[in-house]
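Chemist: My questions will all concern the structure given below.
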Amino acid sequence: MKKCVLVSGGAGFIGSHVTVELIEAGYDVIVADNMSNCDMTCFEGVKKITGREDIPFIKMDFRDAVATELLFTTNKVDAVIHFAAFKAVGESVSEPLKYYKNNLTSFMNVIESAKAHGCSNILFSSSATVYGEPEKLPVTEETPRQPATSPYGNTKTMCEDILRDCVKAYPEIKGIALRYFNPIGAHPSALIGELPRGIPNNLVPFITQTAVGKRECLSVFGDDYPTPDGTCLRDFIDVVDLAKAHVFAVRRMLEGQMKKDYEIYNIGTGTPLSVMELIKGFEKANNLKLNYKIAPRRTGDISALWADPTLANKELGWKAERRIEDTLAAAWAWEKHLASKE
Ligand code: WQD
């Protein structure tokens, strides 16, 4: 019998890529989303890519404990991958309650119902933001977490703790937290990708929107950091590579291969790239010139963060494979696909 994976927040950027990879790996998938930060574009894209018109989709809000309970009562779920969360760092500073209420309540409801219905495998979508500004680079999973600089970041740390404590207290559940570095790119089909609402906060959507003419000029936030070219260093991870890591992690859970009941993995390439290198890489990969200027630093940015992904390479058998030029070409193809539909 095929195993069934529930993807909460499965209509969003990362959730839709994970849904594709799970289906291609032979899992049944249920997608559930409240559509608060996306439309049906990506879910429709997932159906096209996989050739599957019958993927179950449930429009629901995981803050609603009754609806969450109903989902688990009416479906046999073997594993949950929990994405459903708000993710705008700046907004979380001005509206902390919105973030705490949504991100924490939803996750607790999912764990509670999963546990009650014999679904023992819970995978949480965490973030490298839990490392703050580390003293030593690259960061391993042993690198101490630092107090988060935003309520958004705090919800990631707190959800990790909730999962850790639940796994400890309830022997029937197991958990994996994947700490993503900077997910970028889009599916090579250009049928799914990132759909930022309003002005993008993240670098790559801002780059692609500038290239397509939606934004006039990209601001490079700071060129006076203590890095080789003065711009920040990040670990940019292709979203398809990132999605594949979830398949390896789910399989490890479902096939009883976990060494501990709660495991944490860094999901990154292990190779830092500067903001300026990324811009130049985008220009070269797509044979165009980008309008950009150097601007003051952005409050809250850290100068450098990249992963040591050795543990994920070894234990999950996963490795980032896509070349950065292919990732940046896919991001551009997706932006052009969106523009062609307007
Ligand atoms: C990357 C670099 C900017 C925009 C954030 C969250 C993190 C996460 C991923 C999410 C930085 C620079 C950016 C621009 C720029 N999780 N930049 N001009 O800040 O590393 O991580 O997104 O769900 O929790 O904090 O990513 O893409 O915003 O920025 O120069 O217009 O690009 O200063 O150095 P960040 P980012």
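The values are calculated or read from the model by the stated rules, or taken from the named source; none is laboratory data. Predicted model, so just to flag it, every value in this text is computed and none were measured. Here Cβ is always computed from backbone atoms with ideal geometry, including for glycine, and neighbour counts include all displayed protein chains. Keep in mind that these areas ignore ligands, DNA and RNA; they rest on the heavy atoms of the full protein, side chains included. Shrake-Rupley method; radii C 1.70, N 1.55, O 1.52, S 1.80 Å.
Chemist: Between I58 and residues 5 or more places away or on another chain, which pairs have amide H atoms under 5 Å apart, with H built 1.01 Å from N, and which residues are they?
Modeler: Amide H neighbours of I58, under 5 Å, 5+ apart: V31, A32, D33.
Chemist: For the chain, what's the relative contact order in percent, using C-alpha pairs closer than 8 Å and at least 6 residues apart?
Modeler: That works out to 18 percent.
Chemist: Among all the aspartates and glutamates, which ones have a C-alpha under 17 Å from K136's C-alpha, if same-chain residues fewer than 8 places away are not counted?
Modeler: D235, D301, D308
Chemist: Find the centroid of the Cα atoms in the range 223-241 and in the range 1-71, then give the distance between the two in whole Å.
Modeler: When both Cα centres are located, 31 Å separates them.
Chemist: Still on this structure, please answer the following. Work out, step by step, the length gained on full extension between N291 and K76: first 0.36 nm times the residue separation, then minus their alpha carbon distance; give nm to one decimal.
Modeler: 72.3 nm
Chemist: Taking Cα pairs under 8 Å and at least six residues apart, what relative contact order does the range 51-208 come out at, in percent?
Modeler: This gives 23 percent for the range 51-208.
Chemist: Okay, moving on. Report the Cα centroid-to-centroid distance between the range 138-180 and the range 266-333 in angstrom, as an integer.
Modeler: Value for the Cα centre distance between the two parts: 24 Å.
Chemist: Based on the alpha-carbon gyration tensor of the range 71-154 and its eigenvalue square roots a ≥ b ≥ c, which shape applies: rounded if a/c is under 1.5, prolate if not and a/b is larger than b/c, or oblate?
Modeler: Oblate, because a/c is 1.5 or more while a/b does not exceed b/c.
Chemist: Oh, and also: Given the protein chains as shown and a 1.4 Å probe, how many square angstrom of E53 are accessible, to the nearest 10?
Modeler: Taking all protein chains as shown, E53 has close to 140 Å².
Chemist: For the chain, what is the calculated [θ] at 222 nm in deg cm²/dmol (nearest 500), taking -39500 (n - 2.57) for each run of four or more DSSP H residues and dividing by its residue count?
Modeler: Helix contribution divided over all residues of the chain: -11500 deg cm²/dmol.
Chemist: Another question about this same structure. Within the range 40-170, what whole-number % of the accessible surface is contributed by carbon and sulfur, with the 1.4 Å probe and all protein chains included in the calculation?
Modeler: Taking all protein chains in place, the range 40-170 shows 55 percent carbon and sulfur surface.
Chemist: Where does each of 45-51, 268-274 land if you order them by average Cβ count within 10 Å, highest first?
Modeler: Ranked by mean Cβ neighbours within 10 Å, highest first: 268-274, 45-51.
Chemist: Would you grab the residues whose amide H sits under 5 Å from the one on L233? Only those 5+ places off in sequence or on another chain, please, with H modelled 1.01 Å from N.
Modeler: Answer set, sorted by chain and number: A304, L305.
Chemist: At 1.4 Å probe radius, can you tell me the per residue accessible area of the range 1-160 in Å²?
Modeler: On a per-residue basis, the range 1-160 sits at 42 Å².
Chemist: Checking the a/c ratio against 1.5 first, then a/b against b/c, what shape does the Cα gyration tensor give for the range 263-342?
Modeler: oblate
Chemist: Separation between the E112 and R323 pseudo-spin-labels, each 7 Å from Cα along Cα→Cβ, expressed in nm?
Modeler: Roughly 5.1 nm, to one decimal.
Chemist: Still on this model: Please work out how much length the chain gains when fully extended from K98 to E69, using 0.36 nm per residue of separation minus the C-alpha to C-alpha distance, in nm with one decimal.
Modeler: 8.2 nm
Chemist: A follow-up question, please. Hey, can you grab everything whose amide H is under 5 Å from the amide H of Y180? Only 5+ residues off in sequence or another chain; H modelled, so Pro and N-termini drop out.
Modeler: S126, S127, A128, I267
Chemist: Rolling a 1.4 angstrom probe over the protein heavy atoms, how many square angstrom per residue are accessible across the range 183-342?
Modeler: That works out to 47 Å² for each residue.
Chemist: Something else about it: Over 30 Å between Cα atoms: which of K244/K280; K156/K280; K3/K341; K2/K59; K314/K336 fall into that group?
Modeler: K156/K280; K3/K341; K314/K336
Chemist: List the DSSP H helices in the chain whose Cα atoms stretch 15 Å or more along the helix axis and whose mean Kyte-Doolittle hydropathy is at least 0.0.
Modeler: 13-24, 105-116, 239-254, 275-286
Chemist: Any idea what the alpha-carbon Rg over 2.2 N^0.38 Å comes to for the chain?
Modeler: 0.95
Chemist: Pairs K76/K259; K174/K260; K87/K115; K115/K174: which are spaced more than 20 Å apart, C-alpha to C-alpha?
Modeler: The pairs that break the limit, which is 20 Å between Cα atoms, are K76/K259; K87/K115.
Chemist: Most fluctuating residue of F248, F43, F282 in a GNM of the chain with Cα springs under 10 Å: which is it?
Modeler: F248
Chemist: Taking the mean number of other Cβ atoms within 10 Å as a proxy for protection, how do you rank 207-218, 249-260 from highest to lowest?
Modeler: 207-218, 249-260
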